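These notes concern the structure reproduced below.
The values are calculated or read from the model by the stated rules, or taken from the named source; none is laboratory data. This is a predicted model, so every value here is computed, not measured. Glycine also receives a Cβ, built like all others from the backbone with ideal geometry; neighbour counts cover every protein chain displayed.
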Amino acid sequence: MVWTPRVTVAAIVENDGRFLFVEEIAEGRLVLNQPAGHLEHGESLIDACRRETLEETGWSVEPESVVGLYRRIEPSSGLTTLRVCFSARAVEHYPGQPLDTGIERAVWLDRDQLVACADRHRTPLVLRCLDDYLAGARHPLSLLTQA
């Protein structure tokens, strides 16, 4: 049997001490997450970060560094996800951009606001990735190679 983890990307986008999040419906409840989603076949991780952020928030971003790589085993299903989290710079907002199915809206929150609604985080990685970013975790994009 071949085991393959799911690969996702996520973006930490900061603007004046606030961070871009999405409110989305997951497993029947409204949750908070970084703009994030699955890597598509043939797509680079950096391009996936750009695409997912635009599709979920209407913001065009430019990834600047890798914050970290995170492995998570979903408690309910046992599925393993490998999340590649980027820091990204907001480039342009397209307010008329239709958002992905399940995304209710994009919101800008500071860390305290995010912590205040911890029960609504999609996974523990939401706060973990932000805290790693705030602690200075930045790895060059050259860490990721594509053959």
With respect to L45, is the statement that it is crowded, with 17+ Cβ neighbours inside 10 Å, closer than 16 Å to L141 by Cβ and out of contact with any helix residue (DSSP H, G or I) (no Cβ under 7 Å at 6 or more places or on another chain) true? yes
V66 being within 12 Å of the chain's Cα centre (by Cα), assigned to a strand (DSSP E or B) and at pLDDT 95 or above: yes
So which pairs qualify, if the first residue must be in region 72-100 and within 14 Å of E52 (Cα to Cα), the second must be in a loop (DSSP other than H, G, I, E, B) and among the polar types (S, T, N, Q), the Cβ gap must be under 8 Å, and the two must be at least 6 apart or on different chains? C85/Q34
Members of region 127-141 that are at negative phi and either among the β-branched types (V, I, T) or not in a helix (DSSP H, G or I) (or both): A135, A137, R138, H139, P140
In this structure, does P124 turn out to be of a type outside the set (D, E) and under 16 Å from the mean Cα position of the chain (by Cα)? yes
For region 1-52, name all the residues that are assigned to a loop (DSSP other than H, G, I, E, B), farther than 29 Å from A116 by Cα and within 12 Å of the chain's Cα centre (by Cα). L39
